[in-house]
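Throughout, read-outs are computed from the coordinates displayed, never taken from laboratory work. In this text, all values refer to a predicted model and were calculated from it rather than measured experimentally. Cβ coordinates were reconstructed from backbone atoms using ideal geometry, including for glycine residues, and neighbour counts include every protein chain displayed.
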Amino acid sequence: MQFRAVKGMNDILPGEVERWQRFESTFRRTVELCGYSEVRTPVLESRELFVRSTGETTEIVEKQMFELERSGERLALRPEGTPGSARAFVAGSVHAREPVTRWYYLGPMFRAEQPQRGRYRQFHQAGCELYGDKGPVADAEMIDMLVGLLAELGIDQIDVRINSLGGTESRAKYREALLGHLRPRAAELSDHARRRLEDNPLRILDSKDPRDRAAVEGAPSILDVLEPEDSEHFGRLRSALDALGTPYQLDPGLVRGLDYYNRTLFEFSSTSGSLGTQNALLGGGRYDGMLKSLGGPDLPSIGFGMGIERILLAMPETQPAPAPSVFVAPMGGQAAEAGLRVARELRRAGIRTELDGRGGSLKSLLRRADALHAKLCLVLGESELARGVVQIKDLAAHQQTEVALGELLAHVQATLGREEALH
Ligand code: AMP
């Protein structure tokens, strides 16, 4: 019986994984330069954590969580990284040790969505959370860091959209203004939006349904009704971005699907067309009330999550997997053990070495060394080993030399060094 991976969940095989590693190392370097440290939290959390933070009426919590029950406890595979990180921050009383905390994470997230290109049931996010700074300078710094990160990854066709949701008062005021616009148009809304109208009208701004899009046309903008402090926060964020020369557009329709946001919101999407409809690369914003609502300190927070699969789809093709410098081909019998020793010696000297211990003919081993684009092939035959020597085939220069085992490392280093100098 053959098994398939679970629907919407993918294997990442060698050959492909190098691109992941390239992303991960660039991400780590970039955020660590800005003072972030890595946090690793469990993939399983209490279901209630996501109900309380992500929000009970969000699509993620209502429809997309992978849930399980164990010893009467209701658990969920994390659909996003922010709640687990906030829980860990509160549980560890981290605020008692430092006034400002910068954390980052990388890892798998789970949402039972309909899979398509760029949308999976297990996907991966890289994200940052900044606790203890109410912005707006920190907000601008985070957005600018992300623009720089994408540029370093070679992703330059992007759209940066920002908005402010204000605080509780601004949002209450805006809710009324929006309802004033939408109520007379209720009949034109999609069924889903009509059901949402009274409990969460802001969500309708996010809808992709053409009926809802038509109905929100001409709706008042939240930016026009922000309370003075919210408006000032947003103005200072914009002027910091302007001072940095960071490109952005205002998008008063940007609300994002989660409950916990306030004030600053941002979303980056790819404009290259290569991602089709799933072109959102990352999203984030401020969630100043979350830590307190999880029983923690009353500290402001801001964060983002980026979809690694989508970043990789948007990233230009890079170099294929690095080729081994040396291919070690023992020709059966005792030679296999000598092969193990030689390969170990080369690797300890930092030389990328592939050992083929399967035996087989010299022809087939050389074919394999060629296919891997190895630079040198060491042929270890029993009669040569009895004499204490090895044949070195330089696959690029089409030359063959016999070298004493004791001088092998120095010879390989010299040859590889010479070739490097030539390229
Ligand atoms: P969200 O938490 O929904 O704002 O998602 C943040 C980012 O994660 C998005 O901008 C996407 O890049 C990525 N993302 C969200 N859901 C998925 C998914 N099902 N498959 C792949 N990437 C996703």
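Every helix of 4 or more DSSP H residues in the chain counts as -39500 (n - 2.57), and over all residues that averages to -10500 deg cm²/dmol at 222 nm.
FRET efficiency for the residue 236 to residue 214 pair, using the beta carbon distance and R₀ = 45 Å, is estimated at 0.80.
Relative to the longest principal axis of the chain, what angle (0 to 90°, nearest 10) does the C-alpha long axis of helix 168-182 take? On a 0 to 90 degree scale, this one is about 80.
Shown here for region 161-225: GluC sites (Glu not before Pro) in loop regions (DSSP other than H, G, I, E, B) with at most 16 other Cβ atoms within 10 Å, namely 198, 217. With R₀ fixed at 30 Å, the C-beta to C-beta distance from residue 6 to residue 46 puts the FRET efficiency at about 0.85. With the simple model of a label 7 Å out from the Cα in the direction of the Cβ, residue 250 to residue 396 spans 5.7 nm.
With axes computed from alpha carbons, what is the tilt in degrees of helix 335-348 against the longest principal axis of the chain, rounded to the nearest 10 within 0 to 90? So the helix axis and the longest Cα principal axis differ by about 50 degrees. Placing dummy labels 7 Å off each Cα toward the beta-carbon, the span from residue 117 to residue 358 is 3.4 nm. The alpha-carbon of residue 375 sits under 13 angstrom from the alpha-carbons of these aspartates and glutamates, leaving out residues fewer than 8 places away in its chain: 354, 394, 419, 420.
If the elastic network links every pair of Cα atoms under 10 Å, which of 221, 383, 37 fluctuates the most in the Gaussian network model of the chain? In the Gaussian network model the winner is 383.
Taking a 24 Å limit on the Cα-Cα distance, which of the listed pairs 63/134; 363/393; 63/208; 134/292 fall beyond it?
63/134
Where does the longest stretch of the chain lie that holds no trypsin sites (Lys or Arg not before Pro) found in a DSSP loop with 15 or fewer other Cβ atoms within 10 Å? With trypsin sites (Lys or Arg not before Pro) excluded where exposed in loops, the chain gives 209-351 as its longest stretch.
Projected label points at residue 386 and residue 97, each 7 Å from Cα along the beta carbon direction, are separated by 6.5 nanometres. Put simply, the C-alpha atoms of region 41-139 give a gyration tensor, and the ellipsoid matching it has half-axes of 26, 17, 12 Å, longest first. Stretching the chain fully between residue 62 and residue 372 yields a gain of 106.7 nm (0.36 nm per residue, less the alpha carbon separation).
Relative to the dominant Cα principal axis of the chain, helix 17-33 is inclined by about 60°.
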